[in-house]
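Novice: The structure that follows is given in the form of structure tokens.
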Amino acid sequence: MRKQIVAGNWKMNNDLSQTEALITDLKAQEKTTNAEVMVAPTAVNLSQACNSVKGSNIEVIAQNMHFAENGAYTGEISADMLKSIGVNTVILGHSERREYFNETDEMLAKKVDAALAKGMRVIFCFGEELADRKAGNEETVVESQIKNALFHLEAAAFQNIVLAYEPVWAIGTGETASPEQAQDMHAFIRKTLADTYGTEVADNMSILYGGSVKPANAEEIFSKPDVDGGLIGGASLKAEDFFAIVNAF
Ligand code: 13P
């Protein structure tokens, strides 16, 4: 079923005490909502965060994982490790992983397969760079990112995938895609899914927008018919702002 989701990607922010303080604040701000609410602390604090969110409806999710089951991959984290501490959802394909850690579509396809094989849910990120948009290539870029990493999957696998369109030029820049730009791209993504997998898969897919979402612009972005929520960076680091965004639905 198509769900409304707001997920906070904390990136490389918040040490252990800051993580606990922010979760305490989030629990105090939490109100009843139809949206699923998730936060992605840094890997070392996931276990503690899973304990700290108890008693709330906030889900703790991971920012990344490796595709191998286990073995000689110094510094990496497997799906089983995440699951063993109660993390069942993972963000994959964030543009910062693609840019700074050379994650390719091919590698991401393997990560998606590994997560799904372990019964995890994937928030799969993609989005064009500024040069792509200036050249009018944004749809071509997005289509290839989605197809290369996901279109080897069976239709049923999409039940455990959430898509997150994050135009790189809007991440951390204060420059948001206009609600119309977000809607146009989300409609294109849904059509791309429908063309290969049919309307049922497409209509049930949650497609989140990410890139400088804040309390002031969330309501207008979320009001668009093909925008099912947001992946929030900077504004997710303050409980009040994050829940103002959640409550924008
Ligand atoms: P900002 O909300 O800080 O632009 O970051 C968006 C993002 O990258 C979420 O994954």
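Novice: Are there any pairs with C-beta distances below 7 angstrom linking a residue in the range 225-249 that is within 19 Å of ILE171 (Cα to Cα) to a residue that is within 14 Å of the ligand (Cβ to nearest atom) and of a type in the set (Ser, Thr, Tyr), with the two at least 6 apart or on different chains, and if so which?
Specialist: Every condition considered, the pairs that remain are VAL227/TYR209; GLY230/TYR209; PHE242/SER236.
Novice: Is it the case that GLN181 is assigned to a helix (DSSP H, G or I), within 16 Å of the ligand (Cβ to nearest atom), at pLDDT 95 or above and more than 19 Å from LEU116 (Cβ to Cβ)?
Specialist: Yes; evaluated as a whole, the condition is true for this residue.
Novice: Could I ask something else about it? What's the number of the only condition in (1) more than 16 Å from the ligand (Cβ to nearest atom); (2) touching a Phe, Trp or Tyr at 6+ places or on another chain (Cβ under 8 Å); (3) among the aliphatic types (A, V, I, L, M) that ILE207 fails to meet?
Specialist: Failing condition for ILE207: (1).
Novice: Tell me, yes or no, whether the range 114-124 has at least one residue that is surrounded by fewer than 19 Cβ atoms within 10 Å (Cβ to Cβ) and part of a helix (DSSP H, G or I).
Specialist: yes
Novice: When you go through LYS224, LYS147 one by one, which is the residue that is more than 15 Å from the ligand (Cβ to nearest atom) and part of a loop (DSSP other than H, G, I, E, B)?
Specialist: LYS224
Novice: Restricting to the range 1-33, what's the tally of residues that are touching a helix residue (DSSP H, G or I) at 6+ places or on another chain (Cβ under 7 Å), within 16 Å of the ligand (Cβ to nearest atom) and not in a loop (DSSP other than H, G, I, E, B)?
Specialist: 4
Novice: Restricting to the range 37-68, give me the number of residues that are in contact (Cβ under 8 Å) with a residue 40 or more places away in the chain and either exposed (fewer than 13 other Cβ atoms within 10 Å of the Cβ) or closer than 23 Å to GLN4 by Cβ (or both).
Specialist: Summing the residues that are in contact (Cβ under 8 Å) with a residue 40 or more places away in the chain and either exposed (fewer than 13 other Cβ atoms within 10 Å of the Cβ) or closer than 23 Å to GLN4 by Cβ (or both) in the range 37-68 gives 6.
Novice: May I ask you to verify whether VAL142 is within 16 Å of the ligand (Cβ to nearest atom), in contact with a Lys or Arg (Cβ under 8 Å, 6 or more places away or on another chain) and either at pLDDT below 95 or outside any loop (DSSP other than H, G, I, E, B) (or both)?
Specialist: no
The values are calculated or read from the model by the stated rules, or taken from the named source; none is laboratory data. Being a predicted model, the structure only gives us computed values, none of them experimental. Here Cβ is always computed from backbone atoms with ideal geometry, including for glycine, and neighbour counts include all displayed protein chains.
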